[in-house]
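Here's the structure, in structure tokens; my notes come after.
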Amino acid sequence: MLLIKNGKIFPVTYPIISKGDILIHKKKIKKIDENIQCESVNKYIDATGKFIYPGLIDCHTHLGLDEAYKWYDKEELNEIGDPITPHLRAIDGFNPNDPGITEAMQNGITSVTATTGSIQILSGQAAAVKLIPNGARQDFLIKPCIGIKGGLGENPKKYYKSINMMPTNRMASAFLLRQSLYDAVAYINGWKPNETSTTLWNRLEKLKALLPVIQRKIPLRIHAHRHYDILTAIRIAQEFKIKLVIEHATESFLILKEIKRLKIPLVLGPNGFTVSEKNESGFETFSHIKHLQNKNILFAFGSDHPVIATAYLPRMLSKLTHYGINESSLLQSLTINAARIMGCEKLIGSIEPDKDADLVITNGPIFNPRTKVEYVFINGEIVFQR
Amino acid sequence: MKELIIISKNIYENNQPKKKEGYLVIDQEQGKIKDIVWGKDIPKNICTIDFSNYHVVTGLIDCHTHLGLIENGHGEMGNDLNETTQPILPQIRALDGVDYLDPYFQIALSEGITAVGILPGPANIVAGQGCAIYTGHGNLHSRIIKENIGIKCAFGEIPQKYSQKNTTNIFPKTKMGMISLLRQKIDTAKKTINSKQKIEHIDLETEAWQMVLSKEIPLRIHVYRNYEIDSAISISKEYNINIVLEHAPDAIKKTEAIKKNKIPITCNPYFIFPSRREQLSNSPYQPKILADAGITVALSSNHPEIAINYLQTIAGLSCRYGLTEKQSLDCVTLNPAKILGIDKFTGSLSIGKNADIACWNGSPLDWKSKPVCVFIKGKIVYQEGNKYAVN
């Protein structure tokens, strides 16, 4: 057992405890209280004057897949020969030795969504992982499939135009997405594709991968920047009554009414953190950010690592307070809301009893760029100590 | 119930000014025209707008545009007109590529155009499904009038040009080959529909053909030449399907056959530069000749060929070449509504239809006239000098 004493605790889902203790047993948080007395504690950490946050979550990264220091341009995100590959698993390409993981963890990020790319219409299964550097898969994997990643808009259009393969425009992208969902619906009802044995395995795998989407167990996570790409994704999700998460959502501010009405979760960023040469991400996102917190929309942020390094996500968000969003909703978006979007809110995202003991102890407010991270706990173990 | 009254001396019932004082009663909750009353005794306690000296006309409709598919000023990434990877694609939908915030929607509104038919481009033999949407009134989903108004086909030089550029052999290179491929696809779809499996599997391509074969929607065939019109008519007879001819300058030589088969025609604006050989037969008298033969004719801008704001100019010009004012107005209101299959909802000022109204400061066909106020479903969506204030 491990006891953290006298810290300022930000449980996120409960009010702030200005001086309190956290008891950790094995991998889980056991108790949070103002003064915990326990005899069987074998390690104490004095957090007097320190701030304790739940481990931060980056909701959209390519960490581990798009590694740092790759020596030649190898494609790790998109299996581009086929626009529809929902059966590919991001976790199969995830390298826990990626130096980006260590860096991110040392800055307080403990969990991320590691996703496939956005060139394909459906590119694969996004995974929820913890950032344990050089860890074993059974330790760092939270869930292997938290959503099927897809892309609409410019990315598929641009790439497939260059190789003259369908889809070269938005109409065809939407068709491919629709048809694969119709196929999956038919497959649930007992339909079997009529194909030769060489392609049949692939085809069946694709259909099986889409079943949890049709059954509303996991969402489609669609990369969409422009307002009408977002509406296309929404329209298709409505047709099949499936769950949807919009990634990037640059122009979502033009259609907030519709997004609020249908309660579509958004994963914002990295537009606004950085300049993009792409046509579709030209909209200035963050000057509208305050409308989100007033409308009670579920939103989180993604660094889209390596576009912005995951490690710098809290620094990037610190600037958003200038645009009228308050710190507590920023902290929520970086913790519990991200966990909700990933479907892992029972395990991570807040400091509560029986949740995983992923904690960050800092010497000041997390959004202050000068703040130093003192300790990082993942699964109840100290993975970083300054 | 929220109601609105519009008073005017020039209400265009049936696209003709009555020259008599009267008023329209609009039910703003339903967005419909509730009543048209002639006389001066206006009921009190209802919100009233006085357009006495203005011309109150139904909103104009352009049934052949590519509005929002080619976005203004967005380069190649904003161009979703043609999917040239396969020659026959009845399953793709124009609605999925429409940028409804393209500035030309607002410009169309300011010219009194309230509804548009948006079709995919002409590079494929079968290019996809068109849609009919309002030019204003909220976001894309609240603007939809009809999601599927027909499947766009193209014969002639444009698909031929694209298929000859394409090096793969899935594209037919000749006009004979194109017609044969089209027939092959329809026949295959027919066969699939007849041999329906027990388990429902929705194949969007077959679904699309089924809608055409059951006469739910027409094939909207882009044709220019004489013999292409013959091919189109023969296909419509062979499969017993509805067709609409788009552009069809040579139709003036075939009025009897077209009349007999009740085929509507959408005319291209004649004042485009003939960039292809097939366009040489464009004639300014085309609408007049077709209308006089009793054919349903619509005028269109074919935006972005001519920008959509010139629809009024196109209608005005056709009067110069022989159409009467009523005929000309029909060609940009009721007839396009019929072609789009939305004439139950809009296309004229009549009781029970949606209140899509433009109030012009003169005759709507006069080049100096301009709309001062435009309503869609009874809601003000444009006011002169107040470009973005309402919507």
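List the equivalent ellipsoid semi-axes of the protein assembly as shown in whole Å, largest first, each obtained as the square root of 5λ for an eigenvalue λ of the Cα gyration tensor.
On the way: eigenvalues 638, 210, 82 Å².
For the protein assembly as shown, the semi-axes come out at 56, 32, 20 Å.
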| request: For segment A:210-266 and segment A:1-23, write down the distance between their C-alpha centroids in whole Å. | output: 36 Å
| field | Members of A:LYS263/A:LYS319; A:LYS241/B:LYS165; A:LYS143/B:LYS146 lying beyond 31 Å, as alpha-carbon distances in this model show | value | A:LYS241/B:LYS165; A:LYS143/B:LYS146
| message | Translational diffusion coefficient of segment A:207-281 at 4 °C, 1.567 mPa s, Stokes-Einstein with Kirkwood Rh over Cα pairs, in µm²/s as a whole number. | response | 100 µm²/s
| Beyond 25 Å, what share of the Cα-Cα pairs of segment A:200-343 remains, rounded to the nearest whole percent? | 29 percent
| task | Kindly provide the pair-distance distribution of chain A built from C-alpha pairs, with 20 Å bins from 0 and whole-percent values in order of increasing distance. | result | 29, 55, 15, 1
| Where only C-alpha atoms are counted, convex hull volume of segment B:1-99 per residue in Å³ | 172 Å³
| field | Mean residue ellipticity (222 nm) of chain B, computed from DSSP H runs ≥ 4 via -39,500 (n - 2.57), nearest 500 | value | -7500 deg cm²/dmol
| said: For A:LYS50, give me every one of the aspartates and glutamates with a C-alpha distance below 19 angstrom, ignoring sequence neighbours fewer than eight places off in its own chain. | reply: A:ASP21, A:ASP33, A:GLU34, A:GLU327, A:GLU352, A:ASP358, A:GLU374, A:GLU381
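How much net charge surrounds A:ASN379 when only other residues with a Cβ under 10 Å from its Cβ are counted (Lys, Arg +1; Asp, Glu -1)? Kindly include the intermediate steps, with their values, before the conclusion.
Details: positive: A:LYS26, A:LYS27, A:LYS28, A:LYS130; negative: A:ASP139, A:ASP356, A:ASP358, A:GLU381.
Net charge in that neighbourhood comes out at 0.
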| query | Hey, if you put +1 on the Cβ of every Lys and Arg and -1 on every Asp and Glu Cβ in the protein assembly as shown, which of B:GLY112, A:ILE29, A:GLY150 ends up farthest toward the positive end of that dipole? | reply | B:GLY112
| task | Return the distance in nm (one decimal) between the two label points of a simple spin-label model at A:LYS192 and B:PHE271, each offset 7 Å from Cα along Cα→Cβ. | result | 6.5 nm
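Rounded to the nearest 500, what is chain A's calculated 222 nm mean residue ellipticity when only DSSP H runs of at least 4 contribute -39500 (n - 2.57) each, over all residues? Please list the in-between numbers first.
Numbers: 11 runs with 105 residues, N = 386.
Result for chain A, helices only: -8000 deg cm²/dmol.
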| Exactly which GluC sites (Glu not before Pro) in segment B:171-278 are in a DSSP loop and have at most 15 other Cβ atoms within 10 Å? | B:GLU200, B:GLU216
| field | Entries in A:LYS158/A:LYS206; B:LYS32/B:LYS370; B:LYS152/B:LYS185; B:LYS9/B:LYS370; A:LYS243/B:LYS338; A:LYS149/A:LYS260 that, when Cα-Cα distance is taken, lie over 26 Å | value | A:LYS243/B:LYS338
| What ranking of B:THR206, B:THR167 emerges when the number of other C-beta atoms within 10 Å of each C-beta is taken as an exposure proxy, fewest first? | B:THR167, B:THR206
| remark: Under the Karplus relation with 6.51, -1.76 and 1.60 and θ = phi - 60°, whole-Hz ³J(HN,Hα) for segment B:314-322, x at Gly and Pro, equal 4, 5, x, 5, 5, 5, 4, 9, x
| query | Near B:LYS377, which aspartates and glutamates are there with a Cα under 16 Å away, not counting those fewer than 8 places off in the same chain? | reply | B:GLU3, B:ASP27, B:GLU29, B:ASP35, B:ASP343, B:ASP356
| Hits among aspartates and glutamates - C-alpha to C-alpha of A:LYS161 under 17 Å, sequence gap 8 or more where chains match | A:GLU79, A:ASP82, A:GLU280, B:GLU76, B:ASP80, B:GLU83
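Taking a ≥ b ≥ c as the square roots of the Cα gyration tensor eigenvalues, with a/c under 1.5 meaning rounded and otherwise prolate when a/b beats b/c, else oblate, which class fits segment B:216-262? Intermediate values should be presented prior to the final figure.
On the way: a/c = 1.71, a/b = 1.43, b/c = 1.20.
Prolate, since a/c reaches 1.5 and a/b exceeds b/c.
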| query | To the nearest whole number, what is the average tally of beta carbon atoms from other chains within 10 Å of the beta carbons of peptide B:75-84? | reply | 5
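Quick check of the Kirkwood formula: for segment B:275-337, what is the inverse mean of 1/r over all pairs of different Cα atoms, in Å? Before the final figure, lay out each step's value.
On the way: mean 1/r = 0.0827 Å⁻¹.
This gives a value of 12.1 Å.
Other chains near A:185-194: what is the mean number of their Cβ atoms within 10 Å of each residue's Cβ? Don't jump to the answer; show the numbers that get you there.
Numbers: counts 3, 6, 2, 0, 4, 4, 6, 3, 1, 2.
Per residue, the average neighbour count from other chains is 3.
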| note | Among A:LYS27/A:LYS130; B:LYS18/B:LYS40; A:LYS157/A:LYS192; A:LYS257/A:LYS290, the pairs whose Cα-Cα distance exceeds 19 Å are A:LYS157/A:LYS192
| segment A:197-286 - charge dipole about Cα centre, Lys and Arg +1 at Cβ, Asp and Glu -1, debye rounded to 20 | 640 debye
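Arranged by the count of other C-beta atoms within 10 angstrom, fewest first, what order do A:ARG203, A:ARG216 take? Please list the in-between numbers first.
Values: A:ARG203 18, A:ARG216 11.
Starting with the residue having the fewest Cβ neighbours, the order is A:ARG216, A:ARG203.
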| Of B:ILE61, B:HIS74, B:THR85, farthest towards positive along the dipole that unit charges on Lys, Arg, Asp, Glu beta carbons give segment B:48-106 | B:ILE61
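No lab work stands behind these numbers, since they all come straight from the coordinates. Computed from a predicted model, the values in this text were never measured in an experiment. Quick reminder, even Gly has a Cβ in these numbers, built from the backbone with ideal geometry, and neighbours come from all protein chains shown.
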